[in-house]
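Just so you know, all these numbers are worked out from the coordinates, no wet-lab data involved. Worth saying up front: this structure is predicted, and the values here are computed from it rather than measured. All Cβ positions, even for glycine, are placed from backbone atoms using ideal geometry, and neighbour counts span all protein chains on display.
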Amino acid sequence: MSWPFIAVFLSGWLYVDARYRGPRWQGWVFKPVTLLLLLLLAWQAPVIGTNGYLIVLGLLATLVADALLLLPRERYLYAIGAFFLSHLLYTLSFASQMSFTFFWPLPAVLVVVGAVLLAIIWSRLEEMRWAVITFIAMTLLMVWVAGEQYFYRSTDLAFSLLCGSILLLVANIVWLLSHYRFKFRAADAIVAACYFGGHFLIVRSLYL
């Protein structure tokens, strides 16, 4: 997996660099290229079961969402919907591998995180309010399911899923804060690094 990892890392780094200081075209090229490399990496996993196909579909939904973000503002709602679908597919993939358990501090912390985030951006959401609420709830649910699997099994696979989910949550938090409340230069680079890192760790679980 070393060469695919290097390809994903270099492509992702070029995108992160583009979002921070590089030319705009570099970002347009290397974001889809990185996601396509991740799709190829997932597809080449030694064994692809139901959970693997769900992860592949989740990556495809993410690719669609990113394409929609390049279109005019009226497509923003559809992009949020595609990201929601991606996280739903990831959640179903995680759930297909677990026996249910309940570690109550995890959902308690996630509810607090979601409530604080909504409190900060609530007044700026306007007509996007319900779309963003459902998207945040879906992302928190994804992290919860991944966390429950880790606390139940404590395997490398479960840890990779949990870390990947947390990175995607951080990426979405920074993205929403930057888009609706606080604009800062490094936001795009932070989002991109967490975004690609999260997807990579989820794909990596297929090799464990």
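Once the chain from SER123 to THR155 is taken as fully extended at 0.36 nm per residue, the excess over their C-alpha distance is 7.4 nm.
Going out from 0 in 10 Å bins, what whole percent of all Cα-Cα distances in the chain drops into each bin? P(r) over the chain, rounded to whole percents: 9, 35, 37, 17, 2.
Rounded to the nearest 20 debye, the dipole size of region 105-208 about its Cα centre is 200 debye, using +1 on the Cβ of Lys and Arg and -1 on the Cβ of Asp and Glu.
For the chain, a simple Cβ point-charge model (Lys and Arg +1, Asp and Glu -1, everything else neutral) yields a dipole of about 460 debye relative to the Cα centre.
Do the sum for the chain: with -39,500 (n - 2.57) for every DSSP H run of n ≥ 4, divided by all residues, what is the mean residue ellipticity at 222 nm, to the nearest 500 deg cm²/dmol?
-28000 deg cm²/dmol
With contacts taken as Cα pairs under 8 Å and at least 6 residues apart, region 2-207 reaches a relative contact order of 25 percent.
In the chain, excluding the sites themselves, the longest stretch lacking any of the trypsin sites (Lys or Arg not before Pro) that are in a DSSP loop with at most 16 other Cβ atoms within 10 Å is 22-180.
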